[in-house]
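The structure under discussion appears below in the form of structure tokens.
The values are calculated or read from the model by the stated rules, or taken from the named source; none is laboratory data. Nothing here was measured: the structure is a model prediction, and the numbers come from that model. Here the Cβ is made from the backbone with ideal geometry for all residues, glycine too, and neighbour counts use every protein chain on show. For the accessible areas, the whole protein counts, side chains as well, though only heavy atoms, and no ligand, DNA or RNA atoms are used. Shrake-Rupley method; radii C 1.70, N 1.55, O 1.52, S 1.80 Å.
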Amino acid sequence: MKSTALFQQLKAGVEALPEAERNDLIKKTNAVFEIDVTDAQKQEEAWTLDLKKGVVSQGKPEGKADIVINVSDDTFVDLAAGKINGQKAFMQGKLKIKGNMMLATKLDAVLKVAKKAPAPAAASAAPAAAPASAAGGVEVSGFQSSKVFAEIAAGIAGASAAQKDAIKKKANAVFQFDVKNAEGKVQTWTLDLKNNVSIATGAGAAKPDIVISIGDKDFTDLATGKLNGQKAFMQGKLKVKGNMMLATKLDAVLKDLKPKAKL
């Protein structure tokens with residue numbers, strides 16, 4: 001989606017704010033926004049703007065949002081660019097709201113924060129290059145498994161709406177992967193196959209149904225079929241918190257999400 005890069009820019013803008021400015025934004029807004037974006041292919045992506053804590057993340061909020069905004073991908077891009085304001089979009093039926101409608105009037109001010117941050121590479125990329133940009137967005141230096149997550153991101157970007165629905169139906173869970181590399185550093189990735197088929201670095205907004213702790217090389221072996229989930233668990237290479245039964249779906253999930261992987 002074109003708006004994904006804008007949300008990433010908004011996230012960067014909020015994180016880069018000096019503490020005093022961030023606290024001022026929180027004080028002025030004091031609300032949790034859930035923004036559900038739909039593109040031309042009817043694929044959906046949700047983002048949470050928690051401006052009670054000053055955090056922007058992909059996925060639906062853990063608790064109840066103060067306002068839920070449904071908007072098309074193109075309209076959100078226009079909102080962020082200042083080509084249309086929230087009030088006008090609402091009056092034209094381009095923006096639908098549930099919850100505290102008065103908060104919609106604060107959306108324009110919130111989006112201005114994104115303009116203070118440098119645009120990510122994906123924002124200036126041609127539409128055809130979007131899947132590759134999305135894949136690059138989950139790669140982390142020092143982790144060989146990040147290439148696997150990038151392939152998963154590319155697989156998600158290239159999947160049809162029907163394929164994504166099938167994956168959600170099969171998994172219906174949020175997976176959190178805590179991966180430790182050879183230097184002992186731990187990096188988290190969240191694979192949300194319940195709220196929206198998406199992958200991102202860091203802990204997601206939604207509470208994970210399962211948290212998998214695994215070594216960097218072991219995860220790569222899992223993804224390439226050199227090691228299966230059950231064997232990894234039995235050998236102590238994979239530790240699980242949460243719904244352990246979901247670990248049995250891991251091999252199938254990885255297979256479904258990397259149809260174009262070149263590992």
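A few notes on this one:
- Counting only protein heavy atoms and a 1.4 Å probe, the chain has 52 square angstrom of accessible area per residue.
- Dividing the radius of gyration of the alpha carbons in the range 1-70 by their Kirkwood radius gives 0.99 for Rg/Rh.
- Shape call, the range 1-120: gyration tensor on alpha carbons, a/c limit 1.5: rounded
- With the simple spin-label model, which puts each label point 7 Å out from Cα in the Cβ direction, the Asn30 to Thr105 separation comes to 1.5 nm.
- Distribution of pairwise C-alpha distances over the range 176-221, 10 Å bins, in %: 28, 51, 20, 1
- Of the solvent-accessible surface of the chain, computed with a 1.4 Å probe over protein heavy atoms with every protein chain present, carbon and sulfur atoms account for 52 percent.
- Heavy-atom SASA rank of Thr248, Thr38 (probe 1.4 Å, accessible area, largest first): Thr248, Thr38
- Sequence-separation-based contact order of the chain, relative, with Cα cut under 8 Å and 6+ spacing, percent: 17 percent
- Gain on full extension, evaluated as 0.36 nm per residue between Lys83 and Lys241 minus their Cα-Cα distance, stands at 52.3 nm.
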